[in-house]
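Report on one structure; see the data block that follows.
The values are calculated or read from the model by the stated rules, or taken from the named source; none is laboratory data. All figures in this text were calculated on a predicted structure; none of them were measured in a lab. Positions of Cβ are generated from backbone atoms using ideal geometry, with glycine treated the same way; all protein chains shown enter the neighbour counts.
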Amino acid sequence: MKRAGFTMIELIFVIVILGILAAVAIPKLTATRTDAKASKGASEAATALQDFGAYYTAHGSFLNSPTGMTNVSFNGGDTHNGVQLVVDGKKCLKYTTNDTNGTVKIEDGDDASEIVCAAVKGAVDIDGKTHTFGGTGISY
């Protein structure tokens with residue numbers, strides 16, 4: 001007798017094996033996405049700080065808007081009162097500038113307890129610190 005196809009039990013075993021593989025792979029994929037977002041956020045946090053410092057060194061003061069100083073995504077607002085770094089739609093870090101002494105203070109943003117924000121803070125060691133930039137401007 002010649003068999004033409006698979007039995008029902010063979011198909012059930014294949015489906016169960018595929019289900020087990022999917023159950024293992026999906027959480028790993030989710031963790032990889034979170035790590036990628038955190039890595040991007042950490043890079044943006046460091047870039048924003050460097051951009052603010054470069055702008056202050058070149059001009060001797062900070063702008064009210066981060067838009068003129070960096071391309072990093074902030075929530076808008078006034079840098080002297082604090083603007084928040086946006087990572088994956090979450091406000092992770094708050095940057096506050098001070099023209100008098102050339103400092104940028106970085107502290108927790110509104111969504112600091114979110115998973116992505118916690119990973120960003122863990123990846124960079126700039127949170128909770130005041131960074132001082134010198135110079136009185138560069139002549140062009």
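Restricting the range 42-81 to residues that are touching a residue at least 40 places away in the same chain (Cβ under 8 Å) and either of a type in the set (D, E, K, R) or farther than 19 Å from Thr130 by Cα (or both), the residue that is surrounded by the most Cβ atoms within 10 Å (Cβ to Cβ) is Glu44.
Scanning the range 56-67 for residues that are in a helix (DSSP H, G or I) and out of contact with any helix residue (DSSP H, G or I) (no Cβ under 8 Å at 6 or more places or on another chain) returns Tyr56, Thr57, Ala58, His59, Thr67.
Assess whether Gln84 counts as being surrounded by 11 or more Cβ atoms within 10 Å (Cβ to Cβ), touching a Lys or Arg at 6+ places or on another chain (Cβ under 8 Å) and within 19 Å of Ile126 (Cα to Cα). Spelling it out, Gln84 is indeed surrounded by 11 or more Cβ atoms within 10 Å (Cβ to Cβ), touching a Lys or Arg at 6+ places or on another chain (Cβ under 8 Å) and within 19 Å of Ile126 (Cα to Cα). Residues in the range 102-135 that are modelled with pLDDT under 85, outside any strand (DSSP E or B), touching a Ser or Thr at 6+ places or on another chain (Cβ under 9 Å) and exposed (fewer than 14 other Cβ atoms within 10 Å of the Cβ): Gly134, Gly135. Taking the range 82-111 as the range and being aliphatic (A, V, I, L, M), farther than 16 Å from Thr132 by Cβ and more than 11 Å from the chain's Cα centre (by Cα) as the test, only Val83 passes.
Is it true that Lys90 is closer than 23 Å to Ala31 by Cβ, buried (at least 19 other Cβ atoms within 10 Å of the Cβ) and at pLDDT 90 or above? Considered against the rule, which asks whether it is closer than 23 Å to Ala31 by Cβ, buried (at least 19 other Cβ atoms within 10 Å of the Cβ) and at pLDDT 90 or above, Lys90 comes out as yes. Here Leu85 fulfils each of the conditions (1) at pLDDT below 90; (2) touching a strand residue (DSSP E or B) at 6+ places or on another chain (Cβ under 7 Å); (3) outside any helix (DSSP H, G or I) apart from (1).
Restricting attention to the range 32-41, does a residue exist that is surrounded by 13 or more Cβ atoms within 10 Å (Cβ to Cβ), free of Cβ contacts under 8 Å to residues at least 60 places away in the same chain and under 30 Å from Gly102 (Cβ atoms)?
So far as the range 32-41 goes, yes, one or more of its residues are surrounded by 13 or more Cβ atoms within 10 Å (Cβ to Cβ), free of Cβ contacts under 8 Å to residues at least 60 places away in the same chain and under 30 Å from Gly102 (Cβ atoms).
Apart from one condition, Asp78 fits all of (1) outside any helix (DSSP H, G or I); (2) within 15 Å of Val120 (Cβ to Cβ); (3) not polar (S, T, N, Q); the exception is (2).
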